[in-house]
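Engineer: Here it is, the structure, as structure tokens.
The values are calculated or read from the model by the stated rules, or taken from the named source; none is laboratory data. Only a predicted model underlies this, so the values are computations on that prediction, with no experimental measurement involved. A quick note on method: Cβ atoms are made from the backbone with ideal geometry, for glycine too, and the neighbour counts reach across all protein chains shown. Calculation scope for accessible area: heavy atoms of the full protein, side chains included, ligands and nucleic acids excluded. Shrake-Rupley method; radii C 1.70, N 1.55, O 1.52, S 1.80 Å.
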Amino acid sequence: MNLNHLPSKIELALHQAQNYLSNHTKGLDLVSQNNHQKVLAAFQKSGISTYHLSGTTGYGLGDSGRENLDNIVADIMGTEKAMIRHQFVSGTHAISSALFGLLRPGDHFLSVTGMPYDTLQKVIGLKETNIGSLKEFGIDFDHIPLDKNSEIQLDLLAGAVKPNTKLFILQRSRGYEWRNAVTIAQIEAFTGYAREKYPYIKIFVDNCYGELVEEREPGDVGADLMAGSLIKNLGGTLAPAGGYIAGREELVELAANRFAAPGLGTGIGATLDHLRLLYQGLFLSPLTVREALKSAVFSSVFWQSLGFDVHPEPAAVRSDTIQAVRLGSKEKMIAFCQGLQKGSPIDSHVLPLPAPMPGYSDEVIMAGGTFIQGATSEFSADGPIREPYVAYMQGGISFDYVKLANILAALNLSEKGFLA
């Protein structure tokens, strides 16, 4: 494809997106600068040295590199304690460990940000009775949808809270929904209200895609526990795998006992050869998050200029790194993802197709030739094959890379006659 002579429609959209971005990056740069200073201060507070970068084997007893990495994450997340482990297979795994650690048979928990993300629904046991789900353990669940403005409906809490309600959960990102991400200000307002009305109910935040997007984290505004993935924001595109849990010390230990075994908690677990990448990725994460946010703003303007509905719109306040584009048909969605794939450094020759995915009810199409499998921090686009056929772009190891991928996606749509 010749990128020097673009169709006029794509050329105009590119020009508009670049002009918009050049005038709307000061806020993103400031947040990134402040978060980078916060991360640097956490490293310096823990006195990190080269010997902390070498891992352990076997049981991993006395691993000072692991312990100091936990301390750094706790400082960044505004919490008492944290555990960051490459053995977490996904963000859902970390969240599942937290939920099973906190809840007991007969308990009830309540999502106040609508239905949780698809993979977590299987953990809860909503769509089918999965062996080992929370439902099978006799743990009950309900949810309150966000209102039309993506606000938490505090007035509905009284009718949803039960005598056995032990936990509120909030999902920060939009997931596969056409809605705003939940902001730190919203989480702060909710925790203040919940502390006054229901001081005995703990508050958990699914923090995936939200880390370092704003200057504060859920731990800074009163959340008891949170969890997320390292192949998203906090891994800085270098973490080869893993996730984290952060919060009140006793709650992190409960989650750690579920992750490892009762009595083992956070004091065990070999780090092998991963520590340097985890440290380095964490240090770089404010910068890669900034690139992802710049990429998302660019993509929003670009696809809106091409006539597609986008969410969030260019000027919207952002609290996650996801940009949604409504394609409107299965064929356009496939063409969009296949075009993005052509701009990937890995598997650029591969054509993504819809396929079943573990944890999802619908077929899912995924684009993104990443160095680390499934690393949405590098750049990817995916979505379930269902109406209204929305592709969700995440991450961006560099803005220029994402810009090129967007152009290739637009060219692929144009060649197939899908651009008016």
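Engineer: Nothing charged except the Cβ atoms of Lys and Arg (+1) and of Asp and Glu (-1): what's the magnitude of the dipole of the range 309-379 about its Cα centre? Round to the nearest 20 debye.
Structural biologist: Dipole of the range 309-379, to the nearest 20 debye: 120 debye.
Engineer: Could I ask something else about it? Counting only DSSP beta bridges with both residues in the chain, tell me the antiparallel percent, nearest 5.
Structural biologist: Values: 26 of 42 bridges.
Of the beta bridges lying entirely in the chain, close to 60 percent run antiparallel.
Engineer: Under 26 Å Cα to Cα from residue 416, which lysines show up? Leave out anything in the same chain fewer than 8 places away.
Structural biologist: Straight-line reach from residue 416, under 26 Å: 9, 330, 332, 342, 403.
Engineer: Once phi is turned into θ = phi - 60°, what whole-Hz ³J(HN,Hα) does the Karplus curve with 6.51, -1.76 and 1.60 give for every residue of the range 413-420, x standing for Gly and Pro?
Structural biologist: 5, 5, 5, 8, x, 9, 9, 4
Engineer: Considering only protein heavy atoms and a probe of 1.4 Å, how much of the accessible area of the range 236-355 is carbon and sulfur, as a whole percent?
Structural biologist: 54 percent
Engineer: Is there a quick way to get the dipole size of the range 261-366? I mean about its Cα centre, with the Cβ of Lys and Arg at +1 and of Asp and Glu at -1; what is the value in debye to the nearest 20?
Structural biologist: 240 debye
Engineer: Moving to a separate point now. Where the only charges are on Cβ atoms (+1 Lys, Arg; -1 Asp, Glu), what is the dipole of the chain about its Cα centre, to the nearest 20 debye? Walk me through the numbers before you get to the answer.
Structural biologist: Details: 35 positive and 43 negative charges, 54 e Å.
Approximately 260 debye in magnitude.
Engineer: When a/c reaches 1.5 or more, the comparison of a/b and b/c decides; with that in mind, is the range 319-386 rounded, prolate or oblate per its Cα gyration tensor?
Structural biologist: On the way: a/c = 1.32, a/b = 1.21, b/c = 1.09.
Rounded.
Engineer: Ok, one more. Could you run the Karplus curve 6.51 cos²θ - 1.76 cosθ + 1.60 with θ = phi - 60° over the range 152-161 and give me ³J(HN,Hα) per residue in whole Hz, x for Gly and Pro?
Structural biologist: Rounded to whole hertz, the list is 6, 8, 4, 5, 8, 4, 4, x, 9, 6.
Engineer: Calculated from DSSP H runs of 4 or more alone, at -39500 (n - 2.57) each and per residue, what is the 222 nm mean residue ellipticity of the chain, nearest 500?
Structural biologist: The helix-only estimate for the chain comes to -12000 deg cm²/dmol at 222 nm.
Engineer: I'd like the accessible area for residue 122, computed on protein heavy atoms only with a 1.4 Å probe and all protein chains in place. Round to 10 Å², please.
Structural biologist: Solvent-accessible area, nearest 10 Å²: 40 Å².
Engineer: Let me ask something else about it. Would you please give the residues with an amide H less than 5 Å from that of residue 60, counting only those at least 5 places away or on a separate chain, with H modeled from the backbone geometry?
Structural biologist: 269, 270
Engineer: Then there's this: Angle, helix 184-197 long axis vs. longest principal axis of the chain, Cα atoms, 0 to 90°, nearest 10?
Structural biologist: Between the helix axis and the principal axis of the chain, the angle is about 30 degrees.
Engineer: Between helix 275-305 and the chain, what is the angle of the helix's C-alpha long axis to the longest principal axis, kept within 0 to 90° and rounded to the nearest 10?
Structural biologist: The two axes meet at around 40 degrees.
Engineer: Quick one, which of [x] 26, 62, 12, 0; [y] 24, 49, 24, 3; [z] 27, 57, 15, 0 is the actual P(r) over Cα pairs in 20 Å bins from 0, in percent calculated for this model?
Structural biologist: Answer label, from the structure shown: [z].
Engineer: Sticking with this one: Would you kindly derive the ³J(HN,Hα) couplings of the range 90-96 from the backbone phi angles with the Karplus curve 6.51 cos²θ - 1.76 cosθ + 1.60 (θ = phi - 60°), listing them in order in whole Hz, with x for Gly and Pro?
Structural biologist: Listing the rounded values in order: 5, x, 4, 4, 5, 5, 4 Hz.
Engineer: Quick one: length gained pulling residue 264 to residue 80 fully straight, 0.36 nm per residue minus the C-alpha distance? The partial results should precede the final answer.
Structural biologist: Details: separation 184, 0.36 × 184 = 66.24 nm, distance 1.89 nm.
Separation in residues times 0.36 nm, less the Cα-Cα distance, equals 64.3 nm.
Engineer: Show the residues, 5+ positions off or on another chain, whose built amide H is closer than 5 Å to the amide H of residue 203.
Structural biologist: Correct list: 168, 224, 225.
Engineer: Another question about this same structure. Using a 1.4 angstrom probe, figure out how much accessible area the chain has per residue, in square angstrom, rounded to the nearest whole.
Structural biologist: 40 Å²
Engineer: To continue, here is another question. In straight Cα distance, which lysines are under 22 Å from residue 197, not counting same-chain residues fewer than 8 positions off?
Structural biologist: By straight Cα distance, residue 197 reaches 162, 166.
Engineer: Also: Which order do peptides 62-69, 384-391, 19-26 fall in by mean Cβ count within 10 Å, highest first?
Structural biologist: Ranking, from highest mean packing down: 62-69, 384-391, 19-26.
Engineer: If you average the C-alpha positions of the range 7-73 and of the range 133-161 separately, how far apart do those two centres end up, in angstrom?
Structural biologist: Going from one Cα centre to the other spans 33 Å.
Engineer: Continuing with the same structure: Output the peptides 296-306, 139-149, 362-372 sorted from most to least packed, where packing is the average of other Cβ atoms within 10 Å over each peptide's residues.
Structural biologist: Sorting 296-306, 139-149, 362-372 by mean packing, highest first, produces 296-306, 362-372, 139-149.
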